[in-house]
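Only one structure is covered here, and it is reproduced in the block below.
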Amino acid sequence: MNVHAHEPPDPVGIRVDRLTSGQVDAVLTDVFVHGRRCRVLDEAAADVPPGPQWLLAELGDGRITGACPEDRWRRSDQPPTAHLSAPPPDPDTDRWRILEVLVFAPHAQVRLGEGAASGWIGVDTPGDPPPWLRPRDRSFLLLGWAGSEPRRAPETDAPISITREPSGTQAVLPVAWTDFSGRLRALSRPDRTALESTGTWLTVREYWAADPTTGAVGVAFHRLTGMCAGTKPTGPEFDVGTGDRIEER
């Protein structure tokens, strides 16, 4: 009898490690106290060139978002968007406000759980798995209407947008906003046309696993990889006339 039959198979292409209490402290201090790059995220893959980092923090009294294109964070709790954001948590006195903190980059993601009592980091691993187990990149359209002139926080190099829903709800997103639109794009075959979408996107990477007993394959893990604006960064595309999936890009 297999006593481990209840455990899900490990996802392919990523390593997930539990953070030490010291690493959890370092994440909170870097991001919320000093406003500098999350070193835990950078150190997780020292062979990967430093890239942008993003922040999504859910707190009991609101949300904090942010972008760190280079060395310093531009967070939503800073002027001129502080009135639309929760204040930053103090690692020494009010961790109880934290529901979840996600700090992510193209190559890795840190997740702190409720109260920052524990945390994990997922880092891409090298290898060439079979096609049916290769991680898959996806992109999801961010809804929201930024008005006729999408606003951007002044006097900062970090992109940031204030979006509004018809209900009046506002949100601060760490990305330069682009409204959704589409155009027809000609393909190599003259009888086929694709719809090319433009907008503001959240990108996600899915990791797959195969059940060792049944061989069944499914998504076993996913993480956020970034935010961007412009042409949809990932497929699939579909033929406008037939609805068939288009493999070429």
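Observations, loosely collected:
- Residue identified as modelled with pLDDT of 75 or more, aromatic (Phe, Trp, Tyr), surrounded by 11 or more Cβ atoms within 10 Å (Cβ to Cβ) and under 27 Å from Pro11 (Cα atoms) among Phe180, Phe140: Phe140
- Close Cβ contacts (under 7 Å, 6 or more residues apart or on different chains) running from residues in region 10-31 that are over 17 Å from Pro89 (Cα atoms) to residues that are open to solvent by 40 Å² or more (accessible area, probe 1.4 Å) and of a type in the set (Val, Ile, Thr) comprise Gly13/Thr125; Ile14/Thr125; Arg15/Thr125.
- Number of the condition not met by Ile121 [criteria: (1) of a type in the set (Val, Ile, Thr); (2) over 19 Å from the mean Cα position of the chain (by Cα); (3) open to solvent by 10 Å² or more (accessible area, probe 1.4 Å)]: (2)
- For region 20-48, the set of residues classified as aliphatic (A, V, I, L, M) and either modelled with pLDDT under 95 or surrounded by 17 or more Cβ atoms within 10 Å (Cβ to Cβ) (or both) consists of Val24, Ala26, Val27, Leu28, Val31, Val40, Leu41, Ala44, Ala45, Ala46, Val48, listed by residue number.
- Pairs where the first residue, in region 189-215, is under 24 Å from Ile160 (Cβ atoms) and in a loop (DSSP other than H, G, I, E, B) and the second is open to solvent by 20 Å² or more (accessible area, probe 1.4 Å) and at pLDDT 80 or above, C-beta under 8 Å, 6+ apart: none
- When residues in region 189-206 are screened for being hydroxyl-bearing (Ser, Thr, Tyr), modelled with pLDDT under 90 and under 25 Å from the mean Cα position of the chain (by Cα), 2 of them pass.
- Filtered by the rule that a residue be without any contact (Cβ under 8 Å) to a residue 60 or more places away in the chain, within 16 Å of Asp30 (Cα to Cα) and in contact with a helix residue (DSSP H, G or I) (Cβ under 6 Å, 6 or more places away or on another chain), region 74-97 gives a lone residue, Pro88.
- Residue in region 98-114 that is open to solvent by 20 Å² or more (accessible area, probe 1.4 Å), basic (Lys, Arg) and under 17 Å from the mean Cα position of the chain (by Cα) present: yes
- Some residue of region 160-171 being at pLDDT below 95, touching a helix residue (DSSP H, G or I) at 6+ places or on another chain (Cβ under 9 Å) and hydrophobic (A, V, I, L, M, F, W, C): yes
- Verdict on Gly51 being at negative phi and touching a helix residue (DSSP H, G or I) at 6+ places or on another chain (Cβ under 6 Å): no
- Index of the failed condition, Ala209 passing every other in (1) within 19 Å of the chain's Cα centre (by Cα); (2) modelled with pLDDT of 90 or more: (1)
- Just one of the listed residues (Pro150, Pro154, Pro126) is over 30 Å from Val40 (Cβ atoms), loosely packed, with under 13 Cβ neighbours inside 10 Å and either at pLDDT below 90 or aliphatic (A, V, I, L, M) (or both), and it is Pro154.
The values are calculated or read from the model by the stated rules, or taken from the named source; none is laboratory data. Remember, it's a predicted structure, so these values are computed and weren't measured experimentally. Note that each Cβ is placed from the backbone with ideal geometry, even for glycine, and that neighbours are counted across all protein chains shown. Note: areas computed on protein heavy atoms with side chains; ligands, DNA, RNA excluded. Shrake-Rupley method; radii C 1.70, N 1.55, O 1.52, S 1.80 Å.
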